[in-house]
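Q: Submitted below is the structure of interest, expressed as structure tokens.
The values are calculated or read from the model by the stated rules, or taken from the named source; none is laboratory data. Remember, predicted model here, so these are calculated numbers, not experimental data. FYI the Cβ positions are ideal-geometry reconstructions off the backbone, even for glycines, and counts take in every protein chain you see. Protein only, heavy atoms only, side chains kept; ligands, DNA and RNA dropped before computing areas. Shrake-Rupley method; radii C 1.70, N 1.55, O 1.52, S 1.80 Å.
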Amino acid sequence: MRKPVVAGNWKMNGTQASVTALTNGVLTGVRSAPKVEVWVCPPYVYLSQVANALKGSAIKLGAQDLSDRAPGAYTGDICAEMLKDVGCHGVIIGHSERRAYHGETDAVVARKMVAAHAKGLIPMVCIGETREERENGSTEAVIGRQLDALMDADGGMRALQAAVIAYEPVWAIGTGLTASPEQAQAVHAFIRTRIATRNSALAAKIQILYGGSVKPDNAGELFAMDDIDGGLIGGASLKDSDFLAICEAANSRG
Ligand code: PGA
């Protein structure tokens, strides 16, 4: 049985004060979802602050990105060692906003996954097709290519053993358009089948989250699908009551 995961991706939002308030809100309410692994992923500058607030709780801390390089002369970058040092459990990798605004390729994403795993971080790797790719029928080709890059990378299969996959159709992120449970399930099943071509035990155990406009009112039907093991939540993770309602929806699956 795969444990459901619900991760809040706070993106580039917050102040010290609002981050404290949101963290406290999540901490207070999360006890009602004991069967779910809950992550919060604040901006880098608030990681230590949130790590301190989370001490002694079961909530996991995640970062939103990392460098694929070892410590050194890389101005502005943050490496896996630093994320571990401030108490991160995992890190989101290959989010479509990183791919779109920072030119991250499948190869870069794969290297970041391996770099995170090498330092003991859980990689939460995002994959997903654009609206154009869905409309021209290339969803499976795109998802297959993104997955193959992860599996073909040096150390990729080893890193995937510890990873979580987040399927996030780009057209559903922040748009209010959600994939229907059936659309999402079809891609999740495809992802599992693709991974099974290399390692069927891994395909059966890997957690595959759905992301893209998950809200309290659609989370239950999405999480009820066989291959959807929770969600990566953007906008709705910024409001504690919405995020907690989504955690509870995942809890009834767990
Ligand atoms: P959204 O973002 O929930 O605001 O659509 C999801 C994500 O980008 O991880």
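Q: For residues that are assigned to a helix (DSSP H, G or I) and more than 10 Å from the ligand (Cβ to nearest atom), scanning just segment 227-241, find the one that is nearest to the chain's Cα centre (by Cα). Spell out the reasoning first.
A: Taking segment 227-241 and keeping what is assigned to a helix (DSSP H, G or I), we get 235-238, 240-241.
Going one step further and asking which of them are more than 10 Å from the ligand (Cβ to nearest atom), we end up with 240-241.
Values: Asp240: 18, Ser241: 20 Å.
Step by step, filter segment 227-241, then rank; the result is Asp240.
Q: More than 30 Å from Phe223 (Cα to Cα), among the polar types (S, T, N, Q) and in contact (Cβ under 8 Å) with a residue 12 or more places away in the chain: which single residue out of Ser32, Ser48 fits that description? Working first, answer last.
A: Details: Ser32 fails: more than 30 Å from Phe223 (Cα to Cα).
Matching residue, one of Ser32, Ser48: Ser48.
Q: Provide a single number: the residues in segment 142-182 that are small (Gly, Ala, Ser), part of a helix (DSSP H, G or I) and either open to solvent by 70 Å² or more (accessible area, probe 1.4 Å) or within 16 Å of the ligand (Cβ to nearest atom) (or both).
A: Looking only at that region, the number is 1.
Q: Can Ala250 be described as in a helix (DSSP H, G or I), touching an Asp or Glu at 6+ places or on another chain (Cβ under 6 Å) and either within 16 Å of the ligand (Cβ to nearest atom) or open to solvent by 20 Å² or more (accessible area, probe 1.4 Å) (or both)?
A: No: the conditions fail for Ala250.
Q: What are the residue pairs meeting all of these: first residue in segment 6-23, first residue away from the ligand (no atom under 16 Å from the Cβ), second residue open to solvent by 60 Å² or more (accessible area, probe 1.4 Å), Cβ atoms under 9 Å, and 6 or more apart or on different chains?
A: Matching pairs, first to second residue: Gln16/Val45; Ser18/Leu238; Val19/Asn13.
Q: Which of (1) open to solvent by 60 Å² or more (accessible area, probe 1.4 Å); (2) over 21 Å from His95 (Cβ atoms) is the odd one out, the single condition Lys239 does not satisfy?
A: Result: Lys239 passes all but (2).
Q: Let me ask something additional. Let me confirm something: among Ala245, Ala201, Ala224, which residue is among the aliphatic types (A, V, I, L, M), open to solvent by 10 Å² or more (accessible area, probe 1.4 Å) and within 16 Å of the ligand (Cβ to nearest atom)? Write out each step before concluding.
A: Values: Ala201 fails: within 16 Å of the ligand (Cβ to nearest atom); Ala224 fails: within 16 Å of the ligand (Cβ to nearest atom).
The match here is Ala245.
Q: Being within 16 Å of the ligand (Cβ to nearest atom) and either open to solvent by 20 Å² or more (accessible area, probe 1.4 Å) or farther than 16 Å from Ala166 by Cα (or both) is the filter here, so list the residues in segment 61-95 that pass it.
A: Matches in segment 61-95: Gln64 only.
Q: Scan segment 208-221 residue by residue and report those that are within 15 Å of the ligand (Cβ to nearest atom) and touching a residue at least 40 places away in the same chain (Cβ under 8 Å).
A: As a first pass, look at segment 208-221 and keep what is within 15 Å of the ligand (Cβ to nearest atom): 208-219.
Of everything in segment 208-221, those that are within 15 Å of the ligand (Cβ to nearest atom) and touching a residue at least 40 places away in the same chain (Cβ under 8 Å) turn out to be Ile208, Leu209, Tyr210, Gly211, Gly212, Ser213, Asn218.
Q: Examine segment 40-54 for a residue that is within 23 Å of Gly230 (Cβ to Cβ) and open to solvent by 50 Å² or more (accessible area, probe 1.4 Å), and state whether such a residue exists.
A: Checked against the condition, which is being within 23 Å of Gly230 (Cβ to Cβ) and open to solvent by 50 Å² or more (accessible area, probe 1.4 Å), segment 40-54 yields no hits at all.
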